[in-house]
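The values are calculated or read from the model by the stated rules, or taken from the named source; none is laboratory data. In this text the structure is predicted, and so the values were computed from the model without any measurement. Here the Cβ positions follow ideal geometry from the backbone for every residue, glycine too, while neighbour counts run over all protein chains shown. For accessibility, only protein heavy atoms count, side chains too; no ligands or nucleic acids. Shrake-Rupley method; radii C 1.70, N 1.55, O 1.52, S 1.80 Å.
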Amino acid sequence: MAISFGHDRPWGAVSQHEFRRLTQDPRHPLTYRVHFAAIGWADRHGHAGFGPGRLAVLLGKDGKPLSEQSTRNAVARAKALGLVSPRSGAACLLLPPYLFRKGKGAPAPCRLHQDR
């Protein structure tokens, strides 16, 4: 599958491995770390699914998970800035297709978005 964002829309590639690492770096604001997690774990349809509490662990600091409320707030701020889809939640961060495409890799079932 060729990756295309439309005519005359250039694109580049990123290392999902590095975005996974950046997700866990507390020097970055939580809002951007949510975006990093979405990119780092996204499947070919832009879904980044996380088990219960997993995103809170990734966003935590010094081995302590982020609280459920702080995790929800971080996701809400990322949604407000357009860094993830308004349909995102802690169970699945969703990147819109105009922002992310992936050429291969099977999508995993999504617990939050049953419509795919």
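Quick look at the values:
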| item | result |
| --- | --- |
| Where PHE100 falls short, out of the listed (1) closer than 18 Å to ARG21 by Cα; (2) under 14 Å from the mean Cα position of the chain (by Cα); (3) open to solvent by 10 Å² or more (accessible area, probe 1.4 Å) | (1) |
| Conditions (1) part of a loop (DSSP other than H, G, I, E, B); (2) surrounded by 12 or more Cβ atoms within 10 Å (Cβ to Cβ); number of the one not met by HIS7 | (2) |
| Pairs with Cβ under 7 Å, 6+ apart, first in the stretch 5-17 and closer than 19 Å to HIS45 by Cβ, second aromatic (Phe, Trp, Tyr) and open to solvent by less than 60 Å² (accessible area, probe 1.4 Å) | TRP11/PHE5 |
| Residue within the stretch 57-66 that is buried (at least 16 other Cβ atoms within 10 Å of the Cβ), within 12 Å of the chain's Cα centre (by Cα) and small (Gly, Ala, Ser) present | no |
| The lone exception for CYS92 - which of (1) open to solvent by less than 60 Å² (accessible area, probe 1.4 Å); (2) more than 10 Å from the chain's Cα centre (by Cα) it fails | (2) |
| Residue count, the stretch 29-40 (criterion: under 17 Å from ALA76 (Cβ atoms) and either over 8 Å from the mean Cα position of the chain (by Cα) or aliphatic (A, V, I, L, M) (or both)) | 8 |
